[in-house]
Each structure stands twice: as structure tokens, then as C-alpha cells.
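What follows is one structure encoded as C-alpha cells, with my remarks underneath.
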Amino acid sequence: MGDWGANLKYFKEPLNPSDSLLELGFDENKKIRVHGGFKEYLMGSHPSHDCKYKDIKGELVELYTSGECNGYDLIVTGHSLGGALSTLMSFQLASSGTISKHLGNKPLVNISFASPYVGGEVFGEAFKVSHYDLGMSPSIFSDKHS
């Protein structure tokens, strides 16, 4: 799917809360919904399709496990569509708990520029939990066009 295809699939799709979010008291009955095109672009729409999230997460875990990234910060960034994807990627990484154990006391940092909205109100609540309780540090820069 191309960039415009991802942008045009704006209907919200469900995103299951991670065990880490639920352990922190996030209400499992709340439905996290995110932009369908962004989710499909990053997570794949079907198990047989490429899942960029799993590939990137696997590479990161391998780098941190090997010791090649010891002491390094993890900063995920993007502009416009990339900003939306960096927000979703950071949220998924933080809430999975997989990367945080390699970062020690350092937060996973997300910096997005002119990102369109990724999800609704419940996504915002879950994002706050990942920010305050799971060690994610977001910086979101907007402009009048987003």
C-alpha cells in the first residue's frame, strides 16, 4: 500500500491493549481504535502480509540483545505520515514492554512533526499510560496544516 492509500483508509480499526497496559490498570473493556490505514501500513492487514512493526521490533531487540546498542537512546521520529507511524510504533514498542528492559532508565522517545491524528480518545488515554507508566517520552510538533 502506498502513502496515499494509507492516508485514505481513515476509518478507525481496533488495536488490542497489551498485557503491560492491562497490568497498569487500563480498562480492558475500552476499545482502542486507530486510523485503519496507519495500522495496516505498520502492522499489516493480514498475517500473510509484511508486518513492518514485527520486523523493526525484531531488529531492535536483536541489536540491544547483542550489546551493539548498549547505552544508546531509542528515538523514533517521522514527519506527516511518518509522524503518525512513529507515534503508533512508539506506542506499540512501549506498551509491549520488550524494548524498555533494554533501555534501562531511559525513555523511548517519539518525536513527530505535523502528524495527523492516529487514534481517538481511548487511544489518547492508552497513549498517556504508555507515556507516564511505561517510559515513553513523546514530543509532538504540529502546524496549521495537520
For the range 64-87, the count of residues that are surrounded by 15 or more Cβ atoms within 10 Å (Cβ to Cβ) and aromatic (Phe, Trp, Tyr) equals 1
Does the range 103-117 contain at least one residue that is modelled with pLDDT of 90 or more, in a helix (DSSP H, G or I) and of a type outside the set (Ser, Thr, Tyr)?
-> no
The number of residues in the range 88-128 that are open to solvent by less than 10 Å² (accessible area, probe 1.4 Å), without any contact (Cβ under 8 Å) to a residue 60 or more places away in the chain and among the polar types (S, T, N, Q) is 3
Residue 61 meets each of (1) modelled with pLDDT of 90 or more; (2) surrounded by 20 or more Cβ atoms within 10 Å (Cβ to Cβ) with one exception, condition (2)
Only unsatisfied item for residue 126, checking (1) modelled with pLDDT of 90 or more; (2) in contact with a strand residue (DSSP E or B) (Cβ under 9 Å, 6 or more places away or on another chain); (3) more than 22 Å from residue 11 (Cα to Cα), is (3)
Filter the range 12-38 for residues that are polar (S, T, N, Q) and more than 20 Å from residue 84 (Cα to Cα); the one that is least open to solvent (accessible area, probe 1.4 Å) is 20
Regarding residue 26, is this residue assigned to a helix (DSSP H, G or I) and touching a residue at least 60 places away in the same chain (Cβ under 8 Å)?
no
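The values are calculated or read from the model by the stated rules, or taken from the named source; none is laboratory data. Computed from a prediction, not measured in an experiment: that's the story for all the values here. All Cβ positions, glycine included, derive from the backbone under ideal geometry; neighbour counts span all protein chains shown. Surface accessibility is based on the protein's heavy atoms, side chains included, excluding ligands, DNA and RNA. Shrake-Rupley method; radii C 1.70, N 1.55, O 1.52, S 1.80 Å.
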